Ligand code: 5GP
Ligand code: MN
């Protein structure tokens, strides 16, 4: 069984590196930190490498142990968490050079780029996969690991609200709450608290919001000028795509933000109930989940908007 194979590889490895997707969200950072802590319980020291992460996550246990780079070039084992493709994996050179590779993920668009792939597209968060995994391995989920994993679950389910949330999710949440994980605090920090820059960007996104295709599509954007003017930092764009999604009648919300020094836009797409936005984004080399997906597209705001709306139309 895959889970046994994974444990076998972990036990064999002397050097382990943990990696996740670029611009990590709560599930990316939560699941990879939880994995690091769980490996320590198995007597294994792993390195977690991330180019950067949002200040929002400063409360996570052991977050200061995250490294930007490593002296080791060739690890015995590389584990990728919450990342659908090798292209999207931050610092993927460590993955490519590792002797053995494992992918643990919940994206339906995952293209199975590891030697061992443990992918469950039904799981609402990679963090939830880890909860089941740690229980199988007999690793005790303490408050620290629980805080990391609950952060992943809360952020990927919008506070246990998205349809991806299952009865199991609520049971895990109840179990972790009993153990002392402060779920209210996690919700407050990750879902309710807005940075000033995010607040300023929200105003601009609302001002520019266009409703297209009989109000079924919402479109808005921010560019580098906006981000400079409000002194935006990593993570300050989080949640802006939801503004369009929450408007009555909107099925697909499209939010794009300009990449630094590039004539390209990072796309965030959300859908209400029936459009599979992962399929839409796959057409542009991206991917994700049926109700939340993304891609990177070259061009100006108008060009990117036209390309996306023309594709989305086919699914309405
Ligand atoms: P977000 O809009 O929050 O950045 O991303 C929504 C979902 O789509 C996340 O699960 C994220 O991992 C995935 N996603 C975002 N951008 C890309 C991309 O360029 N490629 C792939 N494969 N997935 C993406
Ligand atoms: Mn995730």
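Bear in mind that the values in this text are calculations on the coordinates, not laboratory data. Being a predicted model, the structure only gives us computed values, none of them experimental. Every residue, glycine among them, receives a Cβ derived from its backbone with ideal geometry; neighbour counts consider all protein chains shown.
Please list, short to long, the whole-number percent of alpha-carbon pairs of region 2-191 in consecutive 5 angstrom bins beginning at zero.
Each 5 Å bin holds this share of Cα pairs: 1, 8, 19, 23, 22, 16, 8, 3, 0.
How many nm is it between the label spots at residue 310 and residue 188, if each spot is 7 Å from the Cα in line with the beta carbon?
Between residue 310 and residue 188, the label points sit 4.9 nm apart.
Most exposed first by the Cβ proxy, i.e. fewest other Cβ within 10 Å, how do 250, 103 rank? Mind showing how you got there, number by number?
Details: 250 22, 103 25.
Result, fewest neighbours first: 250, 103.
Helix 2-12 against the longest principal axis of the chain: what's the angle in degrees, Cα atoms only, rounded to the nearest 10?
60 degrees
Nearest 5 percent is fine: what portion of the DSSP beta bridges confined to region 162-290 is antiparallel? Before the final figure, lay out the partial values.
Numbers: 10 of 16 bridges.
Of the beta bridges lying entirely in region 162-290, close to 60 percent run antiparallel.
For the chain, what does -39500 (n - 2.57) per DSSP helix run (n ≥ 4), summed and divided by total residues, give at 222 nm, in deg cm²/dmol to the nearest 500? Mind showing how you got there, number by number?
Values: 12 runs with 120 residues, N = 316.
Helices in the chain give a 222 nm mean residue ellipticity of -11000 deg cm²/dmol.
Points 7 angstrom from Cα along the Cβ direction at residue 51 and residue 248: gap in nanometres?
Reported label-point gap for residue 51 and residue 248 is 4.3 nm.
Indicate, rounded to the nearest 5 percent, the antiparallel portion of the DSSP beta bridges found entirely in the chain. The partial results should precede the final answer.
Working: 20 of 44 bridges.
In the chain, DSSP labels about 45 percent of beta bridges as antiparallel.
Rounded to the nearest 0.05, what FRET efficiency do residue 41 and residue 115 have when you use their Cβ-Cβ distance and R0 = 22 Å?
0.40
What is the extension gain from residue 162 to residue 303, computed as 0.36 nm multiplied by their sequence separation minus the C-alpha to C-alpha distance, in nm to one decimal? Show your work: numbers first, answer last.
Details: separation 141, 0.36 × 141 = 50.76 nm, distance 3.10 nm.
Contour length minus the Cα-Cα distance gives 47.7 nm.
Where in region 136-166 is the amide nitrogen less than 17 Å from a point lying 7 Å along the Cα-to-Cβ axis of residue 276?
Correct set: 164.
Once label points are set 7 Å from the Cα along Cα→Cβ at both residue 178 and residue 260, what is their separation, rounded to one decimal in nm?
Result for the modelled spin labels: 4.6 nm.
Using only Cα atoms, tell me the angle between helix 167-179 and the longest principal axis of the chain; keep it within 0 to 90° and round to the nearest 10.
60 degrees
Given the Cα-Cα distance of residue 122 and residue 8 and 0.36 nm per residue of separation, how much length would full extension add, in nm?
38.5 nm
Quick one: angle between helix 143-156 and the longest Cα principal axis of the chain, in degrees between 0 and 90, rounded to 10, please.
Helix 143-156 sits roughly 30 degrees off the main axis of the chain.
Please arrange 29, 79, 16 by how many other C-beta atoms lie within 10 Å of their C-beta, fewest to most. Intermediate values should be presented prior to the final figure.
Values: 29 27, 79 30, 16 24.
In order of increasing Cβ crowding within 10 Å: 16, 29, 79.
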